[in-house]
1. May I ask you to list the residues in segment 1-16 that are open to solvent by 20 Å² or more (accessible area, probe 1.4 Å) and either touching a Phe, Trp or Tyr at 6+ places or on another chain (Cβ under 6 Å) or within 16 Å of the ligand (Cβ to nearest atom) (or both)?
2. Restricting attention to segment 137-157, does a residue exist that is over 19 Å from the mean Cα position of the chain (by Cα) and free of Cβ contacts under 8 Å to residues at least 24 places away in the same chain?
3. Just checking, which of Arg239, Arg232 is farther than 24 Å from Asn99 by Cα, of a type outside the set (A, V, I, L, M, F, W, C) and assigned by TED's automatic domain parsing to the domain that holds Glu214?
4. Given Gln160, Gln185, which one is open to solvent by less than 30 Å² (accessible area, probe 1.4 Å) and not hydroxyl-bearing (Ser, Thr, Tyr)?
5. Here are the criteria: (1) touching a Ser or Thr at 6+ places or on another chain (Cβ under 7 Å); (2) more than 14 Å from Ala328 (Cβ to Cβ); (3) open to solvent by less than 80 Å² (accessible area, probe 1.4 Å); (4) within 16 Å of the ligand (Cβ to nearest atom). Tell me which single one Met23 does not satisfy.
6. Take the residues in segment 317-327 that are open to solvent by less than 10 Å² (accessible area, probe 1.4 Å) and under 17 Å from Pro271 (Cβ atoms), then tell me which one is nearest to the chain's Cα centre (by Cα).
7. State which residue is nearest to the chain's Cα centre (by Cα) when the search covers only segment 165-182 and only residues that are in contact (Cβ under 8 Å) with a residue 60 or more places away in the chain and open to solvent by less than 40 Å² (accessible area, probe 1.4 Å).
8. On the basis of being open to solvent by 20 Å² or more (accessible area, probe 1.4 Å), within 30 Å of Phe206 (Cβ to Cβ), of a type in the set (Ser, Thr, Tyr) and modelled with pLDDT of 95 or more, does Thr236 make the cut?
Amino acid sequence: MVKKKAAYQVAVVGATGAVGAEMIQVLKERKFPVETLHPLASSRSAGGTVSFRGADVTVKELTKDSFADIDIALFSAGSDVSKDYAPIAAKAGAVVIDNSAAWRMDKDVPLVVPEVNPHDLAWHKGILATPNCSTIQMVVALKPLHDEARIQRIVVTTFQSVSGTGKEAMEELMEESKVLLRFGQPEPKVYPHQIAFNCLPHIDEFLPTGYTKEEMKMLHETRKIMGDATIRVTATTVRVPVYIGHSEAVNIETERKLTANEARAILSTAPGVQLYDDPAHALYPMPLIVAGQDEVYVGRIREDESIPNGLNLWVVADNLRKGAALNAVQIAELLVR
Ligand code: A2P
């Protein structure tokens with residue numbers, strides 16, 4: 001745990017990025033006891049400022065010496081930075097909460113979603129990981145159903161926003177859209193193809209099996225977080241031209257039959273879940289209404305009539321908040337509680 005104090009020295013590594021900026025915002029909104037904020041980034045943005053609690057705070061370059069006296073270090077500057085610097089930060093005495101994929105499957109690193117497996121915090125050795133955004137929102141919605149009826153298999157298709165790739169991808173969607181509306185020809189840089197007015201069934205690298213790494217994260221991370229190595233998961237992950245908010249079509253097969261009404265009743269009181277399921281009035285979760293919210297929104301709950309014990313759900317969350325920054329700050333809150 002972190003040594004108890006009235007307020008903490010908190011570093012944000014990747015403070016100028018899409019998730020880093022959200023981390024700083026969430027720290028402020030939730031009144032996390034920050035004594036001093038230490039925004040860190042590459043030399044490119046060192047000397048610039050970020051705003052925190054009404055003051056401009058100077059961004060410093062990340063170096064090996066950045067972590068002296070830091071209590072908590074929130075990392076979101078990509079896997080390479082986390083691989084190199086998380087152990088340095090932990091050795092200097094900070095507790096690292098890492099948003100990248102670098103440490104998630106390490107056997108010495110708890111992978112934590114506070115609504116699902118807060119108990120795993122207890123065995124950290126200086127580095128904790130926050131899961132992939134699409135996994136987080138799925139397990140928040142599914143854990144209460146798993147506890148009730150034991151999920152045996154998950155089939156999931158994701159519709160992931162460009163902010164999951166980072167700020168350059170958000171700029172690319174804006175630029176491409178402008179070019180196309182002027183009947184021009186966009187030149188993709190971040191993605192292998194045009195993302196505006198398109199869908200790319202390609203997130204992270206392809207593996208020899210034909211799956212992408214993103215798709216396999218949804219299997220391995222779900223098993224680790226749920227503490228159940230028997231759950232079968234098959235995923236198709238798709239990048240869509242949405243700025244913020246990931247959507248997921250989730251099909252589950254359970255050991256015991258759950259009716260749609262039972263599932264609704266369970267999810268209506270589940271931590272971190274907002275049931276939003278009134279299709280008769282065209283009310284269902286959408287990225288446009290969920291962006292900026294903390295909860296994981298669930299709707300379109302219906303029984304899968306093709307199998308005896310199946311359910312379909314539509315799950316949407318703000319990938320920058322619950323999918324990344326908020327989950328990391330919630331872990332920090334548990335650490336200091
Ligand atoms: P910088 O703005 O200086 O490039 P995003 O995921 O939105 O693209 O943001 C990535 C974040 O990670 C940014 O804050 C970026 O800083 C930071 N970053 C990228 N590479 C490094 C690095 N080698 N050292 C420190 N910070 C880095």
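1. Scanning segment 1-16 gives a single hit, Thr16.
2. There is at least one residue in segment 137-157 that is over 19 Å from the mean Cα position of the chain (by Cα) and free of Cβ contacts under 8 Å to residues at least 24 places away in the same chain.
3. Working: Arg239 fails: farther than 24 Å from Asn99 by Cα.
Unique residue meeting the criteria: Arg232.
4. Values: Gln185 fails: open to solvent by less than 30 Å² (accessible area, probe 1.4 Å).
Just a single option satisfies the conditions, and that option is Gln160.
5. Checking Met23 against (1) touching a Ser or Thr at 6+ places or on another chain (Cβ under 7 Å); (2) more than 14 Å from Ala328 (Cβ to Cβ); (3) open to solvent by less than 80 Å² (accessible area, probe 1.4 Å); (4) within 16 Å of the ligand (Cβ to nearest atom), the one that fails is (2).
6. Only one residue fits best here, namely Gly323.
7. First, the residues of segment 165-182 that are in contact (Cβ under 8 Å) with a residue 60 or more places away in the chain: 165-167, 170, 173, 177.
Add one more test, that the residue is open to solvent by less than 40 Å² (accessible area, probe 1.4 Å), and what stays is 166, 173, 177.
Numbers: Gly166: 12, Leu173: 20, Ser177: 26 Å.
Here the residue is Gly166.
8. Values: open to solvent by 20 Å² or more (accessible area, probe 1.4 Å): yes; within 30 Å of Phe206 (Cβ to Cβ): yes; of a type in the set (Ser, Thr, Tyr): yes; modelled with pLDDT of 95 or more: yes.
The answer is yes for Thr236.
The values are calculated or read from the model by the stated rules, or taken from the named source; none is laboratory data. Quick caveat: nothing in here was measured; it's all calculated off a predicted structure. As a convention, Cβ positions derive from the backbone with ideal geometry for all residues, glycine included, and neighbour counts pool all protein chains shown. The area values use the complete protein model at the heavy-atom level, side chains included, leaving out ligands, DNA and RNA. Shrake-Rupley method; radii C 1.70, N 1.55, O 1.52, S 1.80 Å.
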